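Okay, so here's the structure we're looking at.
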Amino acid sequence: MVSRPDMRILDADLHHHFRWSDLFSYLPEGTRMPYYGGEPVPKVTGAFREDTISPRGGPPASDPEFVVEDHLNRWGIDYAILSCGSTLALNALPDVDFAGAIARAANDWTIENWFPVDERYLGAVTICANNAEQAAEEIRRVGTNPRMVTVVCTNPPTLLGQAPMHPIYEACSDVGLPLTLHPGALNLFAGRPVSGPTSRCEYRATMGLMGIQHVASLLFEGVFVRYPKFRFVLNEWGTAWLPFALWRFDMEYREHREEVPWLTSLPSEYVRDHIRFTTQPLEESGNKTGLSSLMGLIDGSDMLMFSSDYPHHDFDNPQVAASMFSDDARPNVFFENARAWYRLDERLGLADRVMAYVD
Amino acid sequence: MSTDDDVVGSRPTTIRVPKAELPPGSRKVVRAGRREIALFNVRGTVYAIFNRCPHHQAPLDSGPLGGTNVPSAPGTREYGLDGRVLRCPWHHYEFDLATGRCLADPDRLRVRSYKVVTDGNDLVVRLAR
């Protein structure tokens, strides 16, 4: 035993902890929800579907064999792009070298542990966008794997059009992969003009605003002029705002073209040529034809690609989602648009296989 | 100014304006029946356009006239078309006086432009297509 010095001591800083369940009996009913350090808002319910945990345990969607049964086979999914959920908050890490190491590890782990399980699994290269040079290196390292069909980034350090992101676009163009922007850590609100929202409900209800802000930045900064081969996917930021956004982009361009003279056609045309939007969570209009009618105004269904967001709680059931599109639009939204955008024929030799089925 | 010296039916096909009424650097609105035509003399070259913006019907004759940033590499600015770009006074849409086309949307947005020729001491604006 260490001998105690002969003096009186007051420690001005000792941290004690509670388990959330211990605190609940002291909290009034209605506020009994855990608050996590990394999240700016309390969660009443978790982010995951409770039925996506494998009987073998682990976090949701951590067991590739279980996901084959529970998701691919259950809904008859031909291909699914694995966009690692464990690294979605990577850019919240202040140490970019550590974050980069995790990104590389996550990519190798996906290639080794998920790709061999089922050929329907495709991949998204995880990067930490806070260090664009390092991210570009990682895109070149694993982006040539034919089953890696996109690059996924969350919480970019700037609005996407700005210079710090450009090395990533060059690397994506070089390896022929589109960049996907996915929502990430809720406490990093790039593109928010004022203070952030105070509830998950408010955050999610206004996500489209962030999506619009990033798309506008890509367009008006001239990223698609600078990198004509660069393609982009806006993943999980909503779709029903598309008519508004495209109309407004074109309208402002007509009025302020002189400020962005590098654009040589309407912004909406760059969107059609360079951007696709994933569907989940499809905005619910209250009737089956609402979204479809809205997309009809801008030929929007040519720009949409189905996504489920499995295993998150706000999962879109493909059968319910399918009922929201016309017979003409459905094959494009659920398969053909993605097949073309991710160059599946080229990367996987898919054309040959489809031909073989026909025979 | 005289108008209606050539007439098809009740519609004038030309407008005649004495050169002295439109010296370089000046602008002027003339009428052809119910139509208003805006004339601009840019360093000796005379342009004539229909005096109404196709967007929100603003009278174009009071819009600022100058050059603009022409297509350039991202992040760079290149000034050009000096004296040929008329901006609508309301939303500042840019129109190339030589073609009437809106620079931002040339295929869909265009103000009618008219050919102007010289005849002795007169400028003749040809209204017929």
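The values are calculated or read from the model by the stated rules, or taken from the named source; none is laboratory data. Given the structure is predicted, the values throughout are model-derived calculations rather than measurements. Heads up, the Cβs are rebuilt from the backbone with ideal geometry, glycines too, and the neighbour counts pull from every protein chain shown.
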Answer from A:221, A:252 - the residue that is within 14 Å of another protein chain (Cβ to nearest Cβ), under 14 Å from residue B:105 (Cβ atoms) and either surrounded by fewer than 21 Cβ atoms within 10 Å (Cβ to Cβ) or at pLDDT 95 or above (or both)
A:252
Identify all residues within the stretch B:90-106 that are over 14 Å from the mean Cα position of the chain (by Cα) and more than 7 Å from chain A (Cβ to nearest Cβ); write none if there are none.
B:90, B:106
Verdict on residue A:302 being in a helix (DSSP H, G or I) and surrounded by fewer than 20 Cβ atoms within 10 Å (Cβ to Cβ):
yes
For the stretch A:258-276, give me each residue that is of a type in the set (Gly, Ala, Ser) and either in a loop (DSSP other than H, G, I, E, B) or in contact with a Gly (Cβ under 9 Å, 6 or more places away or on another chain) (or both).
A:265
From the list A:285, A:307, which residue is away from chain B (no Cβ under 14 Å), in contact with a strand residue (DSSP E or B) (Cβ under 7 Å, 6 or more places away or on another chain), surrounded by 14 or more Cβ atoms within 10 Å (Cβ to Cβ) and part of a loop (DSSP other than H, G, I, E, B)?
A:307
Exactly one of these conditions fails for residue B:66: (1) more than 11 Å from chain A (Cβ to nearest Cβ); (2) more than 27 Å from residue A:218 (Cα to Cα). Give me its number.
(1)
So residue A:293 passes all but one of these: (1) at pLDDT 95 or above; (2) not in a loop (DSSP other than H, G, I, E, B). Which condition number does it fail?
(1)
Identify all residues within the stretch B:109-129 that are within 25 Å of residue A:251 (Cβ to Cβ) and more than 9 Å from chain A (Cβ to nearest Cβ); write none if there are none.
B:110, B:111, B:112, B:113
Residue check for residue B:84: modelled with pLDDT of 95 or more and either more than 13 Å from every other protein chain (Cβ to nearest Cβ) or farther than 28 Å from residue B:14 by Cα (or both)
yes
Taking the stated definitions as given, is residue A:228 in a loop (DSSP other than H, G, I, E, B), more than 30 Å from residue B:89 (Cβ to Cβ) and within 12 Å of chain B (Cβ to nearest Cβ)?
yes
Look through A:160, A:177, A:181 and report the one residue that is closer than 16 Å to residue A:107 by Cα and in contact with a Ser or Thr (Cβ under 8 Å, 6 or more places away or on another chain).
A:177
Positions within the stretch A:255-282 being among the basic types (Lys, Arg) and either away from every other protein chain (no Cβ under 14 Å) or in contact with a Phe, Trp or Tyr (Cβ under 8 Å, 6 or more places away or on another chain) (or both), in sequence order
A:272, A:276
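Table: residues versus (1) surrounded by fewer than 24 Cβ atoms within 10 Å (Cβ to Cβ); (2) assigned to a helix (DSSP H, G or I).
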{"position": "A:100", "(1), (2)": "yes, yes"}
{"position": "A:106", "(1), (2)": "yes, yes"}
{"position": "A:109", "(1), (2)": "yes, yes"}
{"position": "A:115", "(1), (2)": "yes, no"}
{"position": "A:125", "(1), (2)": "no, no"}
{"position": "A:128", "(1), (2)": "no, no"}
{"position": "A:136", "(1), (2)": "yes, yes"}
{"position": "A:140", "(1), (2)": "yes, yes"}
{"position": "A:145", "(1), (2)": "yes, no"}
Please state which one of B:85, B:111 is of a type in the set (A, V, I, L, M) and in contact (Cβ under 8 Å) with a residue 60 or more places away in the chain.
B:111
Filter the stretch A:236-249 down to the residues that are crowded, with 18+ Cβ neighbours inside 10 Å and free of Cβ contacts under 8 Å to residues at least 60 places away in the same chain, then identify the one that is farthest from the other protein chains (Cβ to nearest Cβ).
A:238
What is the number of the single condition among (1) surrounded by 17 or more Cβ atoms within 10 Å (Cβ to Cβ); (2) away from chain A (no Cβ under 11 Å); (3) in contact with an Asp or Glu (Cβ under 8 Å, 6 or more places away or on another chain) that residue B:59 does not meet?
(1)
Consider residue A:58 against the criteria (1) crowded, with 20+ Cβ neighbours inside 10 Å; (2) more than 19 Å from the chain's Cα centre (by Cα): it satisfies all of them except one. Which criterion is unmet?
(1)
Quick check on my filter: what residues within the stretch A:91-106 are in contact (Cβ under 8 Å) with a residue 12 or more places away in the chain and either of a type in the set (S, T, N, Q) or more than 19 Å from residue A:140 (Cα to Cα) (or both)?
A:91, A:92, A:93
